[in-house]
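Novice: One structure follows; several queries about it will come next.
The values are calculated or read from the model by the stated rules, or taken from the named source; none is laboratory data. None of the values given here were measured: they were computed from a predicted structure. A quick note on method: Cβ atoms are made from the backbone with ideal geometry, for glycine too, and the neighbour counts reach across all protein chains shown. Only protein heavy atoms, including side chains, enter the accessible area calculation; ligands, DNA and RNA are left aside. Shrake-Rupley method; radii C 1.70, N 1.55, O 1.52, S 1.80 Å.
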Amino acid sequence: MIEADASLDQPLDRKTVLNDSLRRRILSMELAPGAVVDELALCDEFGLSRPPVRELLRQIAAEGYIELEANRAPRVAAMSHDSLHAFFLAAPLIYIATTQLAATHASEAEIETLKAIQEDFRKAIEERHVENRVIHNDAFHLEIGRMAHNDYLMPSLRRLLIDHARLGKIFYRHPTTDDMQRDLELACDQHDQIVDAIQRRDPDAAADIVRAHFELSRRRMAEYAAPEGLDIQLT
């Protein structure tokens, strides 16, 4: 009986590993926007049959990581100038709303979890580790979304964070200049201020900090998304 239970647990464990790995590969740009997601290769790599792999692909497609179309291989969600325009319009609204609600509804245990994530983010900034910086920033804002305890906002936040992470990875993939590093250290300090505002139960202060925080990110990301010579209005 014990051996049977272990066997039943094993596919679930492999599916969880695939889930975490696939999301990370997309956020880190290891799988580029528009790239084909090879279903059979994933089955072989993670030791899974096609049904659980297809189930997972449908799940992450609903969250915005990949695109599924009839009679076409799954592809990583594209990044177009139209989608980025929508991102820059919607992101500050969603980030402010979730952070204000977190300042109202977060538990002390959730705040401690957020502090731990922030410690990992600060370490990534100090070590100039691009991938960890992107991953821990994503985790920080996703945790704030959970702390908001609002099921209507979470799907929008999850979708925003996908492109926020990918933009961050693209723009900061080259060796960090002193100017970029100063902005990243400022962003890290703003994270600390966001945590403090949430812990003080001050949604107005939280909103002000998040506005400044997103503006700092927006300037940097817009330099990538609308490089000189392209007549594209992003904001």
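Novice: Quickly run through region 198-215 and pick out the residues that are within 17 Å of the chain's Cα centre (by Cα) and farther than 15 Å from A102 by Cα.
Specialist: Once the filter is applied, which keeps residues that are within 17 Å of the chain's Cα centre (by Cα) and farther than 15 Å from A102 by Cα, region 198-215 yields H213, F214.
Novice: Do the conditions hold for E126, that is, is it open to solvent by 30 Å² or more (accessible area, probe 1.4 Å) and at pLDDT below 95?
Specialist: yes
Novice: Take the residues in region 143-178 that are at pLDDT below 85 and open to solvent by 70 Å² or more (accessible area, probe 1.4 Å), then tell me which one is farthest from the chain's Cα centre (by Cα).
Specialist: Per the criteria, the residue is D178.
So that you can scan it fast, the table gives a plain yes or no per residue for (1) among the hydroxyl-bearing types (S, T, Y); (2) closer than 15 Å to A165 by Cα:
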site: Y65; (1), (2): yes, yes
site: E69; (1), (2): no, no
site: A73; (1), (2): no, no
site: A77; (1), (2): no, yes
site: H85; (1), (2): no, no
site: A91; (1), (2): no, yes
site: T98; (1), (2): yes, no
site: T104; (1), (2): yes, no
site: S107; (1), (2): yes, no
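Novice: Any residue at all in region 31-42 that is open to solvent by 90 Å² or more (accessible area, probe 1.4 Å), outside any strand (DSSP E or B) and of a type in the set (D, E, K, R)?
Specialist: no
Novice: Which condition number does T104 fail, the rest of (1) within 24 Å of I198 (Cα to Cα); (2) surrounded by 16 or more Cβ atoms within 10 Å (Cβ to Cβ) being met?
Specialist: The number of the failed condition is (2).
Novice: So, one more: Can we say A139 is among the small types (G, A, S), over 18 Å from M79 (Cβ atoms) and free of Cβ contacts under 8 Å to residues at least 40 places away in the same chain?
Specialist: yes
Novice: Here's another thing I want to ask about it. Kindly establish whether E215 is closer than 15 Å to F87 by Cβ, modelled with pLDDT under 95 and not hydrophobic (A, V, I, L, M, F, W, C).
Specialist: Yes; evaluated as a whole, the condition is true for this residue.
Novice: How many of the residues making up region 68-99 are touching a strand residue (DSSP E or B) at 6+ places or on another chain (Cβ under 9 Å), acidic (D, E) and either closer than 30 Å to A212 by Cβ or surrounded by 15 or more Cβ atoms within 10 Å (Cβ to Cβ) (or both)?
Specialist: 0
Novice: Here's another thing I want to ask about it. I want to confirm something. Restricting to region 55-72 and keeping residues that are in a loop (DSSP other than H, G, I, E, B) and not small (G, A, S), which single residue is nearest to L18 (Cα to Cα)?
Specialist: Restricting to residues being in a loop (DSSP other than H, G, I, E, B) and not small (G, A, S), the top hit is Y65.
Novice: If the Cβ limit is 7 Å and pairs must be 6+ apart or interchain, which residue in region 59-82 that is charged (D, E, K, R) pairs with which residue that is at pLDDT 95 or above and assigned to a helix (DSSP H, G or I)?
Specialist: E67/A61
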